[in-house]
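Let me begin by presenting the structure, written as structure tokens, before commenting on it.
Read-outs throughout are calculated quantities, based only on the coordinates presented, and are distinct from any laboratory measurement. Everything quoted here is computed from the prediction, not taken from an experiment. Ideal geometry is used to build each Cβ from the backbone, glycine not excepted, and the neighbour counts take in all protein chains shown.
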Amino acid sequence: MLHQDPRAWAAVGVGGALGTAAREGLVLAVPWTGELPVVILAINVVGAFVLGALLEALVRSGPDVGRRRAARLAVGTGFCGGFTTYSTLATGTALLLGHGHVATAVLYGVLTLGLGALATIGGIAWGVALARRPAAPAAGS
């Protein structure tokens, strides 16, 4: 059972720690200066794209075993799960509402969810394109 496999837990944990560190690094590098938390919005959209592309490419490349499963767990569940932050979306929306910025709160929520959905679709399309690319010829062939 996968949920009892220490290697699966380690893959998710390491990926999650790296994703969280990447998110925090971006948040610190680009501070929130206006009403709209653009960095968190961008992080969630990029994460949605990466997850869509990754999962589509993995599904099209074969069964969920071995390296494909490890990539799904480490990059998909771990890194993308730690990188994206829909709890911060909820908190940011609540803070905007609490400070009377209703239009910005609605815009933030709609943009994040709408662009996230479009990014996922784009990532899936990219994953399809990656899976269709012919393999590079082996060296010396």
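Here are a few things to note about the model shown:
- Semi-axis lengths (Å, descending) of the ellipsoid that matches the C-alpha gyration tensor of region 2-132: 30, 17, 11
- The chain: most fluctuating residue of Gly76, Gly109, Gly16 per GNM, C-alpha cutoff 10 Å: Gly109
- Across region 110-126, rounded Karplus estimates of 3J(HN,Hα) from the backbone phi angles (6.51 cos²θ - 1.76 cosθ + 1.60, θ = phi - 60°) give 5, 4, 4, 6, x, 5, x, 5, 5, 5, 4, 4, x, x, 4, 4, 5 Hz, Gly and Pro being marked x.
- Net charge of neighbours whose Cβ lies under 11 Å from the Cβ of Ala8, counting Lys and Arg as +1 and Asp and Glu as -1: +2
- Selection among Ser61, Ala105, Val27 by position relative to the dipole of region 2-132 gives Ser61 as farthest towards the positive end (Cβ unit charges, Cα centre).
- The charge dipole of the chain, taken about its Cα centre with unit charges on the Cβ atoms of Lys, Arg (+1), Asp and Glu (-1) only, comes to about 560 debye.
- Degrees between helix 6-29 axis and first principal axis of the chain (Cα, 0 to 90, nearest 10): 40 degrees
- One decimal place: the segment Val14-Arg67 gains 17.5 nm when fully extended, by the rule 0.36 nm per residue minus the C-alpha distance.
- Of Gly100, Gly92, Gly82, the one that fluctuates the most in a GNM where the chain has Cα springs shorter than 10 Å: Gly100
- Degrees separating the helix 86-98 axis from the principal Cα axis of the chain, which is the longest one: 10 degrees
- Using a Gaussian network model of the chain in which every pair of alpha carbons under 10 angstrom is joined by a spring, one finds that among Ala103, Ala17, Ala48 the greatest mean-square fluctuation is at Ala103.
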